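Notes follow the structure.
The values are calculated or read from the model by the stated rules, or taken from the named source; none is laboratory data. Bear in mind the structure is a predicted one, so any value in this text is a computation, not a measurement. We place every Cβ from the backbone using ideal geometry, glycine too, and count neighbours over all the protein chains shown. Surface areas here come from the heavy atoms of the whole protein model, side chains and all, with no ligands, DNA or RNA. Shrake-Rupley method; radii C 1.70, N 1.55, O 1.52, S 1.80 Å.
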Amino acid sequence: MSDLKNVEPLQEFDWNEFENGTSANTSKEDLEKAYDETLNKVTEHQTVEGTVISIDKKEVIVNIGYKSDGIIPASEFRYNPDLKVGDKVEVYVENQEDKKGQLVLSHKKARLEKSWDRVNAALEADEVTQGYIKCRTKGGMIVDVFGIEAFLPGSQIDVHPIRDYDVFVGKTMEFKVVKINQEFRNVVVSHKALIEAELEAQKKVIISKLEKGQVLEGTVKNITSYGVFVDLGGVDGLIHITDLSWGRVSDPHEVVELDQKINVVILDFDEEKKRIALGLKQLTPHPWDALDPDLKVGDHVKGKVVVIADYGAFVEIQPGVEGLIHVSEMSWSQHLHSAQDFMHVGDEVEAVILTLDREERKMSLGIKQLKEDPWEKIEEKYPVGSKHTAKVRNFTNFGIFVELEEGVDGLIHISDLSWTKKVKHPSEFTSVGADIDVVVLEIDKENRRLSLGHKQLEDNPWDTYETIYTPGSIHNGKITEMMDKGAVITLDEGSEGFATPKHLVKEDGTQAQLGEELPFKVIEFAKETRRIILSHSRTFEDAKDEAKSARKHTAKKSEAPAINNVTAGTSLGDLDVLAELKEKMEKGE
C-alpha cells in the first residue's frame, strides 16, 4: 500500500532479540517513530497525486501514501464518468486530520489550481476535452471543464438547431475550447466544432454528386420567416418561401412542419459556398397550365384578395393564378384613390377579365365594369338646365370641382358662384365635403366633364339693380373693405360698389374709414361687367355746385327790374342808350 524503497533500517536494531522474542523491551514510541518514517510527508494546502482505491455513489477514496486515506465527494468526479479504481488523480490537501482524524482532500480545488493552465493549453493545442453539462442558462448551457464553469452557446451544441436543451443537462460530452477571456476568466466551449470537420468532408462528397433537377428526400430541420431548411443527409438546402407553393405563402408553417420528410427538387447549388437551393412547388404542374382553356376576356371570375398596394390589388382566382385589379379599374371616379379604399386582404371579390396572356401568365381584372358607366347616358340623367345637389371635392383658384355621383364630376367656375358677391377664392364661399346646389350649364362627354353653375339657381338681380342704381342717384352704404386703389361699399339694397380714394374725401377734408356708413352717389352703372362706381364726395360737391348755379340764376332775374326803375326816370333819349346796352348784354359783349 505504501512505497518502501526509501525506508532505512533502524540503527542498532537487534534482530536476534527480535527473532528470539526478546525485543519486548523496545519502546512503543520507537515503534511508532519507525512506522511514521515509512510514510510520505504530507503538507497541508498543497496539491499531490493520489490513487483511487474505492468508488461508490457518494464517495471516492484516494490514497496519497499517508497513514490514512482521503475521502472526496463523488460529485467532484461527475465530469469523468469513466473514473475507475487505480486511476491517478490530483488532490488538494485541505487538512491532515479533521475532528475524526480523517485526512481531508479536495479534487475540485486541485483541478482549479491548474485549470487555467490546462484550459489555455487546450485552446492552443486545439485539444478535445471532456466536460459535464451542469445546467441551462440564457442562450445555452453551463459546462464543467477542468473544474471551471464554461459557457456552451446553444448554437454550438450541435450542427442541427436544438429545440430542447434540457435533454443535455447531466450529460458528459467532448468539447473544444474555442474562446477565453483572460480578464473576466470566461471560457467558451463547443461541441459542434468537433463534428464540423467531418461534416464538411461529407458535404463535399454529397454536393459533388448533386445535379440540377434531381429529386431527393429530406427532413425539415428548421422553419424561418423566409423559407425552410431541409437536411438532405449531412448537407442542408433551403426552400425559399416563394418556392414552397405556386400560391402565395405568408408563413411557411402553412405548408410544412418540423421533422417532416418531404421530396424536393434541386434548383441550383454552389459547391464553393455549399449553398443548395431547393424547390417544392416545382414537383407539381404550374396552375396556369391547368387554367380553364375556355376562360376569355369579358368573363366574370371570383377570387380572394391576397396582396394589396396603393396602385392595386392581386386577386387569386385559383392557387397560383392571380390577376391584378388596378386602382383605376375599381371605380368610374377619376379622383385619385388608394386600393385600400375599396378592398382588403382576404376579401372575396367578383371581377371582369380585362386582359389575359397565357404565355406571360398575366391577367388584369376590373370591378368597376360590373356597374354601368355613368357617362354612357349622361345627357339623359344630367341634361343642360337640370338642377342637382353635388359634393364639393376640392378648390382651385378658378373654381370648385364637385362630384354629382361616383364617376361624374363637374366644375363651377368662380364667376358662376354669385351674381353680386365678388369671390376672390372659392374657399370663401363653401368648404370641401359640403353639399352645394348646381345647374348643368354644359356637357363635355369626351373629356367627362360638366360645366355647372350655382348663381343660375336665382334670378339675375342686376336686372333689378339697373332700375335702382341709376347714375346720379344717392344711396346709403357701408365701407366693408379698404384697398390701395379704393374701397368696397356694401349698399343697403344688397349690392356692392366701388369708390376710388378721391371719392372717399368727406366734407371736412378727412378720408372716410373702414366701417363708416355714408351716402354715396352712383357715378357709373355697368350691368355687363356688374360694376357700380360710387362717390361720397360728389354728394356734397354737386350740392354746392347746384346752390351756386341757383344763386347766379337769381341774380340775373333781379337785374331786369332795376333797369325798368331807371327807365321810369329817364328821358326818351336815354331809352335808346339803355336799349343798346341791353342788346349788348344779351349778346354777351
### Task
Could you check how many residues of segment 328-376 are in contact (Cβ under 8 Å) with a residue 60 or more places away in the chain and assigned to a strand (DSSP E or B)?
2
### Message
With the condition being under 16 Å from Ala390 (Cα atoms) and at pLDDT 85 or above, I'd like the strands (runs of 3 or more DSSP E) fully within segment 407-489 carrying at least 3 qualifying residues.
### Response
408-413, 435-444, 449-453
### Query
When you go through Ile142, Ile162 one by one, which is the residue that is open to solvent by less than 70 Å² (accessible area, probe 1.4 Å), in contact with a Cys (Cβ under 6 Å, 6 or more places away or on another chain) and free of Cβ contacts under 8 Å to residues at least 12 places away in the same chain?
Ile142
### Task
Test Val128 against the criterion of being touching a residue at least 60 places away in the same chain (Cβ under 8 Å) and over 19 Å from Arg185 (Cβ atoms), and give yes or no.
yes
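Here's the yes/no breakdown for (1) among the β-branched types (Val, Ile, Thr); (2) modelled with pLDDT of 90 or more; (3) more than 21 Å from Arg358 (Cα to Cα):
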{"position": "His300", "(1), (2), (3)": "no, yes, no"}
{"position": "Lys304", "(1), (2), (3)": "no, yes, no"}
{"position": "Ile308", "(1), (2), (3)": "yes, no, yes"}
{"position": "Phe314", "(1), (2), (3)": "no, yes, no"}
{"position": "His326", "(1), (2), (3)": "no, yes, no"}
{"position": "Met330", "(1), (2), (3)": "no, no, yes"}
{"position": "Leu336", "(1), (2), (3)": "no, no, yes"}
{"position": "Ala339", "(1), (2), (3)": "no, no, yes"}
### Query
Given (1) open to solvent by less than 50 Å² (accessible area, probe 1.4 Å); (2) in contact with a helix residue (DSSP H, G or I) (Cβ under 6 Å, 6 or more places away or on another chain); (3) under 30 Å from Leu411 (Cβ atoms), where does Val505 come up short, assuming only one miss?
(3)
### Matching residues in segment 387-402 - criterion: being surrounded by 11 or more Cβ atoms within 10 Å (Cβ to Cβ) and either in contact with a His (Cβ under 8 Å, 6 or more places away or on another chain) or not in a strand (DSSP E or B) (or both)
Arg393, Phe395, Phe398, Gly399
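Quick grid of which residues meet (1) open to solvent by 40 Å² or more (accessible area, probe 1.4 Å); (2) at negative phi; (3) in contact with a strand residue (DSSP E or B) (Cβ under 7 Å, 6 or more places away or on another chain):
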| position | (1), (2), (3) |
| --- | --- |
| Glu406 | yes, yes, no |
| Gly410 | no, yes, yes |
| Ser427 | yes, yes, yes |
| Leu452 | no, yes, yes |
| Thr464 | yes, yes, no |
| Pro471 | yes, yes, yes |
| Asn476 | yes, yes, yes |
| Asp492 | yes, yes, yes |
### Task
Being of a type in the set (A, V, I, L, M), farther than 30 Å from Ala122 by Cα and surrounded by 16 or more Cβ atoms within 10 Å (Cβ to Cβ) is the filter here, so list the residues in segment 207-247 that pass it.
Ile207, Leu210, Leu216, Val220, Ile223, Val228, Val230, Leu232, Leu238, Ile239, Ile241, Leu244
#### Entry: Scan of segment 152-169 for residues that are within 19 Å of Ala197 (Cα to Cα) and either aliphatic (A, V, I, L, M) or out of contact with any Gly (no Cβ under 6 Å at 6 or more places or on another chain) (or both), ordered by number
Leu152, Ser155, Gln156, Ile157, Asp158, Val159, His160, Pro161
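Listed residues Ile468, Ile479, Ile414; which is without any contact (Cβ under 8 Å) to a residue 40 or more places away in the chain and under 17 Å from Asn394 (Cα atoms)? Show your work before the answer.
Details: Ile468 fails: under 17 Å from Asn394 (Cα atoms); Ile479 fails: under 17 Å from Asn394 (Cα atoms).
When all the criteria are applied, what remains is Ile414.
Output the residue which, of all residues in segment 354-386 that are more than 30 Å from Gln318 (Cβ to Cβ) and basic (Lys, Arg), is surrounded by the fewest Cβ atoms within 10 Å (Cβ to Cβ). Quick ask: steps written out before the conclusion?
Kept after step one, since they are more than 30 Å from Gln318 (Cβ to Cβ), are these residues of segment 354-386: 374-386.
This time we only want the ones that are basic (Lys, Arg), so: 377, 381.
Values: Lys377: 10, Lys381: 15.
By that ranking, first place goes to Lys377.
If you take the residues in segment 287-327 that are touching a His at 6+ places or on another chain (Cβ under 8 Å) and part of a loop (DSSP other than H, G, I, E, B), which one is most open to solvent (accessible area, probe 1.4 Å)?
Step one: filter segment 287-327 for residues touching a His at 6+ places or on another chain (Cβ under 8 Å), giving 305, 308, 311-312, 320, 327.
Those left that are additionally part of a loop (DSSP other than H, G, I, E, B): 311, 320.
Numbers: Tyr311: 113, Gly320: 13 Å².
That would be Tyr311.
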